[in-house]
Amino acid sequence: MEKKRIVVIGNGMVGHRFIEELCDKNVEGTFEITTFSEEPRLAYDRVQLSSFFNGNTAADLMLTSEEVYDEKGVHYFLNEKVTAIRAENRCVVTDKGREVFYDKLVIATGSYPFVPPIDGNDQPHCHVYRTIEDLEAIAASGKQSQSGVVIGGGLLGLEAANALKCMGVDTHVVEFAPRLMLFSWMRAAATC
Ligand SMILES: Cc1cc2nc3c(=O)[nH]c(=O)nc-3n(C[C@H](O)[C@H](O)[C@H](O)COP(=O)(O)OP(=O)(O)OC[C@H]3O[C@@H](n4cnc5c(N)ncnc54)[C@H](O)[C@@H]3O)c2cc1C
């Protein structure tokens, strides 16, 4: 019997959880699973990302390892972004020119931080707060800085502000809403 080729774009918390579930159901080896991550490592606990500033390392945050994926026969490509989906011949294409064919395709690419189109947002000490690499860059900037500004006073903005404070940087938060955490508060109120 031919194996069903399943390609998962994105190896974040959701892509990885899906693969774990699929592996549990794959006792007869029915599926051939391939995943792509734009990031240089397999899935880690992004929700706990801020613990990086309390001494947790990238290794502490990992949800899996290359050894586990190898053992389960999951193919993975790190640092490789899927740039095209050719649905007509069921194939994905990556920024490295690789083509992988699929029977089923799962897109688990998460989201990206919105960076407001403000002059200077591309200067070296301007960062977003989403990946381990972002936090490493923030830590490196923090070492050379006395003062830091966080744009956005939502949950992640305040986590970022706390990180700056932990580094001993004089920290400012700029928020255009009349109060901090307004949207988180509105969302929580709407679900009550
Ligand atoms: C600091 C921080 C704290 C958070 N705290 C909470 C919390 O307390 N509670 C909560 O519910 N949520 C929280 N979140 C949000 C939570 O992390 C996300 O909801 C969750 O990570 C979404 O998982 P995902 O797998 O859908 O996306 P992601 O974790 O973003 O993973 C998607 C992956 O796909 C990769 N990718 C994207 N495009 C491509 C492509 N074309 N080719 C290859 N790879 C690609 C990305 O690089 C990424 O690695 C937090 C987020 C951050 C950053």
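What follows draws every value from the coordinates through simple rules; no lab data is involved. This structure is a prediction, so every number in the text was calculated from the model and none was measured. Reconstructed Cβ throughout: ideal geometry from the backbone, glycine too, with neighbour counts over all protein chains shown.
For region 57-64, 3J(HN,Hα) computed residue by residue from phi via the Karplus equation (6.51, -1.76, 1.60; θ = phi - 60°) reads 9, 4, 5, 5, 8, 4, 8, 7 Hz, glycine and proline entered as x. Cα centroid separation, region 93-137 to region 13-81: 17 Å. Dividing the helix sum by the residues of the chain, where each DSSP H run of 4 or more adds -39500 (n - 2.57), gives a mean residue ellipticity at 222 nm of -8500 deg cm²/dmol. Once the Cα atoms are used to define both axes, helix 182-191 deviates from the longest principal axis of the chain by about 50 degrees. In terms of surrounding Cβ atoms within a 10 Å radius of their Cβ, Ile6, Ile151 rank from fewest to most as Ile151, Ile6. Here the simple spin-label model places points 7 Å from the Cα toward Cβ, and for Arg46 and Glu21 these points are separated by 1.7 nm. Rounded, prolate or oblate, given the Cα gyration tensor of region 4-127, with a/c below 1.5 counting as rounded? Because a/c hits 1.5 or more and a/b fails to exceed b/c, region 4-127 counts as oblate. The lysines whose alpha-carbon is closer than 21 Å to the alpha-carbon of Lys3, local same-chain residues fewer than 8 away aside, are Lys25, Lys72, Lys104. Amide H to amide H distances under 5 Å link Glu32 with Lys4, Arg5, Ile6, where only residues 5 or more positions off or on other chains count and H is placed in the peptide plane.
To the nearest 0.05, what FRET efficiency results for Asn162 and Gln123 with a Förster distance of 22 Å applied to their C-beta separation? The pair Asn162/Gln123 has a calculated efficiency of 0.45. Is the C-alpha gyration tensor of region 38-192 telling us rounded, prolate or oblate? Criteria: a/c under 1.5 is rounded; beyond that, a/b larger than b/c is prolate, otherwise oblate. Here region 38-192 falls in the prolate category. When the Gaussian network model of the chain links Cα atoms closer than 10 Å, the mean-square fluctuations of Val14, Val115, Val150 top out at Val115.
The charge dipole of region 11-83, taken about its Cα centre with unit charges on the Cβ atoms of Lys, Arg (+1), Asp and Glu (-1) only, comes to about 280 debye. Applied to region 68-75, the Karplus parametrisation 6.51 cos²θ - 1.76 cosθ + 1.60 on θ = phi - 60° returns per-residue 3J(HN,Hα) values of 5, 5, 4, 4, 8, x, 8, 7 Hz, with x for Gly and Pro. When the Cα positions of Gln144, Thr30, Trp185 are compared along the charge dipole of the chain, Trp185 comes out farthest toward the positive end, with charges on each C-beta of Lys, Arg, Asp and Glu. Counting neighbouring Cβ atoms within 10 Å and putting the fewest first, the residues Tyr69, Tyr129 line up as Tyr129, Tyr69. Here the simple spin-label model places points 7 Å from the Cα toward Cβ, and for Ile85 and Glu67 these points are separated by 3.5 nm.
In a reduced charge model with +1 at each Lys and Arg Cβ and -1 at each Asp and Glu Cβ, region 93-192 shows a dipole moment near 280 debye about its Cα centre. 3J(HN,Hα) along region 105-114, derived from phi through the Karplus expression 6.51 cos²θ - 1.76 cosθ + 1.60 where θ = phi - 60°, amounts to 10, 10, 9, 10, 8, x, 9, 10, x, 7 Hz, with x in place of Gly and Pro. For region 132-189, a simple Cβ point-charge model (Lys and Arg +1, Asp and Glu -1, everything else neutral) yields a dipole of about 220 debye relative to the Cα centre.
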